[in-house]
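The values are calculated or read from the model by the stated rules, or taken from the named source; none is laboratory data. The shown structure was predicted, so the numbers you read here are calculated from the model rather than taken from an experiment. No Cβ is skipped: glycine too gets one built from the backbone with ideal geometry, and neighbour counts run over all protein chains shown. Keep in mind that these areas ignore ligands, DNA and RNA; they rest on the heavy atoms of the full protein, side chains included. Shrake-Rupley method; radii C 1.70, N 1.55, O 1.52, S 1.80 Å.
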Amino acid sequence: MALKYYHAEPVANSLKSMIPLKEKGLAFESVYVDLHKFDQHQPWFTAINPEGQVPVLDHDGTIITHTTVINEYLEDAFPDAQPSDAPLRPRDPVGAARMRYWNKFVDEHVMNFVSMHGWHRMIGVIARNIDSGDFEKLLENIPLPDQRKKWATARSGFSEADLANATAKIEYAVDKVEQQLGDTRWLAGETFTLADINFFSHCGMMVERMFPDMAIATRAPRLVDWRERMTARPGVAAALSGEDRTAPGLRTWTGHVQ
Ligand SMILES: N[C@@H](CCC(=O)N[C@@H](CS)C(=O)NCC(=O)O)C(=O)O
């Protein structure tokens, strides 16, 4: 059995599938894909993932992409490799449904909105530093039309209306999580699941640093406590300790390394 994980910095999607790998104690080869050098759009990488995005899981030559799919795949392929407290996907149908409900919420209503702010602050700076001709060439290499548009928009800047809408979505998500954590210890119930990993990777980890105006400490104290319980887990800590090659001045987004 050979697992290979292609990933960038331990943040957002790259972090999201790294955590289950570590939590499950699976041995894997780590392949760093340098997004700052646009490795993800190079032919060697698009031969592996034609969509030109990280992360990618290679299991004995089978390629699995998209983090929510990768994380459920790991549950199906390695059901016996689990943290000592509980499986990452509840074994009962109701628990699994609750986990998937939160995954759907994060995938559809959180991920892209946090990402827009991240791109606005970080990718925008990177994109504006590329000369015009070179930038057009870079766009030609991007396989997904939506990602091509996102790169172009990052260069010119996202509109204030889009950014405000994204902030409102994130505030809604923070309040929803805070309320849920009043009812259950973890997002999908009494045990830590892939749902916690999803929200943490996209929003929970860096929300204060990205949005100081939200005053998370007073607005969402249960979220702060939940995050402390997450980062105390050895699997999560191991995933977070991966290398971050982001230039220090651009770390408002990745933020976990000072
Ligand atoms: N839906 C995909 C999204 C993957 C994604 O957005 N990856 C980002 C990194 S967090 C990426 O590769 N960005 C580089 C680019 O699009 O050029 C997943 O869940 O894996």
Any idea what the relative contact order of the range 1-148 is, in percent, if you count C-alpha pairs under 8 Å spaced at least 6 apart? 23 percent
Divide by every residue of the chain the summed helix terms, -39500 (n - 2.57) for each DSSP H run of at least 4, and state the resulting mean residue ellipticity at 222 nm, rounded to the nearest 500 deg cm²/dmol. -15000 deg cm²/dmol
Solvent exposure ordering (accessible area, 1.4 Å, most first) of Arg229, Arg219: Arg219, Arg229
Note: probe point = Cα of Asp183 + 7 Å toward Cβ; backbone nitrogen < 18 Å; residues of the range 83-114 passing the test are 90, 93-106
Order Trp44, Trp186, most accessible first, counting only protein heavy atoms with a 1.4 angstrom probe. Trp44, Trp186
So how strong a dipole does the range 93-233 carry about its Cα centre when Lys and Arg Cβ are +1 and Asp and Glu Cβ are -1, to the nearest 20 debye? 240 debye
Using a Cα distance threshold of under 16 Å, what count of lysine pairs results for the chain when pairs must be 8 or more residues apart or interchain? 10
Net charge (Lys, Arg +1; Asp, Glu -1) of residues whose beta-carbon lies under 13 Å from that of Asp175, Asp175 excluded, is +2
State, as an integer percentage, the relative contact order of the chain based on alpha-carbon contacts under 8 Å between residues 6 or more apart. 27 percent
Whole-angstrom Cα spans of the range 1-152 along principal axes, big to small: 54, 33, 21
So with the 1.4 Å probe, I'd like the accessible area per residue for the range 93-233, rounded to whole Å². 47 Å²
Calculate what fraction, in whole %, of the accessible area of the range 1-154 sits on carbon and sulfur atoms when a 1.4 Å probe is rolled over the protein chains. 53 percent
For the chain, go through all pairs of different Cα atoms, get the mean of 1/r, take its inverse, and jot down that Kirkwood value in Å. 18.9 Å
Return one quarter of the surface area of the convex hull spanned by the alpha-carbon atoms of the range 93-233, equal to its mean projected area, in nm². 9.8 nm²
Taking θ as phi - 60°, what are the ³J(HN,Hα) couplings along the range 92-98 by the Karplus curve (6.51, -1.76, 1.60), each to the nearest whole Hz, with x for Gly and Pro? 8, x, 5, x, 5, 5, 5
Output wanted: per-residue J couplings in Hz (rounded whole) for the range 147-152, from phi through Karplus 6.51 cos²θ - 1.76 cosθ + 1.60, θ = phi - 60°, x for Gly and Pro. 5, 4, 5, 5, 4, 5
Report, in debye and to the nearest 20, how large the dipole of the chain comes out about its Cα centre when Lys and Arg carry +1 and Asp and Glu carry -1 on their Cβ. 320 debye
